[in-house]
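Below: one structure, written as structure tokens.
The values are calculated or read from the model by the stated rules, or taken from the named source; none is laboratory data. Because the structure is predicted, anything quoted here is derived from the model rather than measured. Note that we place each Cβ from the backbone using ideal geometry, even for glycine, and neighbour counts take in every protein chain shown. For accessibility, only protein heavy atoms count, side chains too; no ligands or nucleic acids. Shrake-Rupley method; radii C 1.70, N 1.55, O 1.52, S 1.80 Å.
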Amino acid sequence: MVNLTGGLDRAGCVLRYGDTGGSGDVIVLTHGAGADHHTFDAQFEALAASGQRAVVWDMRAHGESTPNNVPFTAELALQDLSALVEHLNLSHPVLAGHSLGGNLSQALVRSQPRRFGGLIVMDSTWNTGPLTRTERFLLKLAAPALSIIPARSLPGMMARASAVTPEARSDATRALSQMTKKQFIEVWKATVLFVDPDPSYRTPIPLCLIRGSHDKTGNIATAMPRWADTEGVTEHVVPGAGHFVTQDAPDAVTAIMHAFLATIPNAA
């Protein structure tokens with residue numbers, strides 16, 4: 001398992017991160033809501049072994065980036081990721097995000113496109129994509145629906161809904177159990193704020209989209225194919241994997257990442 005040896009002091013929290021160092025292409029890995037850096041254990045080690053510089057971190061209120069003494073907000077999470085990139089003096093890194101991490105990475109690229117060399121989004125909805133009336137309604141309903149689930153049942157229920165393999169479900173339960181129900185709903189509400197439809201927007205840097213074939217979270221299964229068609233890129237659908245694609249099918253995801261990084265010149 002990957003150990004986080006670095007720390008960055010931020011408002012109300014010390015962000016914990018791991019960095020392989022080195023001079024290879026740089027990729028920053030950001031986990032999803034309720035998860036932590038172990039989402040990327042397999043990818044972090046494989047990328048490092050192949051000569052890339054990999055950075056992984058725990059968002060505030062997640063994993064080792066606790067305690068967090070201020071409310072979790074979308075804007076603060078965005079500032080945290082930007083600050084981490086600046087703190088490590090990373091030049092044109094590739095941002096790779098899973099779920100909320102994908103929403104966060106999309107938003108940072110949209111606001112500061114010249115800072116980054118590429119974007120990998122895994123099992124995350126399309127921030128700027130169009131929404132149907134039903135999708136808008138379900139988006140508003142998500143947090144209230146989560147609030148009625150008993151706290152003791154939430155980690156296991158979310159893990160079963162999000163992962164396919166026993167190993168991935170076990171780790172998802174572990175990670176989700178580190179947060180209170182109140183904290184998780186706070187993070188979920190922040191996630192929703194990243195959804196900001198803009199029909200004219202196109203990702204200005206190389207883009208890679210990855211989705212587990214069994215992902216039933218939100219509108220990801222319908223939004224990501226539309227996104228791929230709009231941007232003219234390949235949607236990599238990983239057979240037999242759920243929402244936690246990096247853990248349900250670690251080797252497949254790592255191979256897709258390697259292939260994508262090979263297409264980006266001077267990413268570091």
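Of Ser82, Ser65, which residue is under 20 Å from Thr191 (Cα atoms) and assigned to a loop (DSSP other than H, G, I, E, B)? Spell out how you get there, then give the answer.
Details: Ser82 fails: assigned to a loop (DSSP other than H, G, I, E, B).
The conditions single out Ser65.
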Open item on the list: Are there strands (runs of 3 or more DSSP E) fully within segment 1-57 with at least 3 residues that are β-branched (Val, Ile, Thr) and buried (at least 22 other Cβ atoms within 10 Å of the Cβ)? List them.
Closed with: 26-30
TODO: Looking only at segment 70-78, decide whether some residue is of a type in the set (S, T, N, Q) and not in a helix (DSSP H, G or I).
DONE: yes
Open item on the list: Please pick out the residue among Arg169, Arg152, Arg211 that is at pLDDT below 95 and of a type outside the set (A, V, I, L, M).
Closed with: Arg152
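Which residues, counting only those in segment 99-147, are crowded, with 19+ Cβ neighbours inside 10 Å and assigned to a loop (DSSP other than H, G, I, E, B)?
Of segment 99-147, the ones crowded, with 19+ Cβ neighbours inside 10 Å are 99-109, 116-129.
Ser99, Phe116, Gly117, Asp123, Ser124, Thr125, Trp126, Asn127, Thr128, Gly129, listed by residue number.
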- [ ] Would you please list the contacts, defined by Cβ atoms under 7 Å and residues six or more apart or on different chains, that run from a residue in segment 156-184 that is in contact (Cβ under 8 Å) with a residue 12 or more places away in the chain to a residue that is hydroxyl-bearing (Ser, Thr, Tyr)?
- [x] Gly156/Thr173; Ala159/Thr173; Ser162/Thr217; Ala172/Ser162
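Filter the helices (runs of 4 or more DSSP H) completely within segment 180-268 down to those with at least 1 residues that are open to solvent by less than 60 Å² (accessible area, probe 1.4 Å) and in contact with a strand residue (DSSP E or B) (Cβ under 6 Å, 6 or more places away or on another chain). Even if it seems obvious, please write down each step before you answer.
Numbers: elements: 181-192, 220-231, 245-248, 250-261.
Fully inside segment 180-268 and qualifying: 220-231, 245-248, 250-261.
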Task: Identity of the residue in segment 58-71, open to solvent by 10 Å² or more (accessible area, probe 1.4 Å) and on the phi < 0 side of the Ramachandran plot, that ends up nearest to the chain's Cα centre (by Cα) - done: Glu64
TODO: Look at Arg10 and say whether it is basic (Lys, Arg) and within 17 Å of the chain's Cα centre (by Cα).
DONE: no
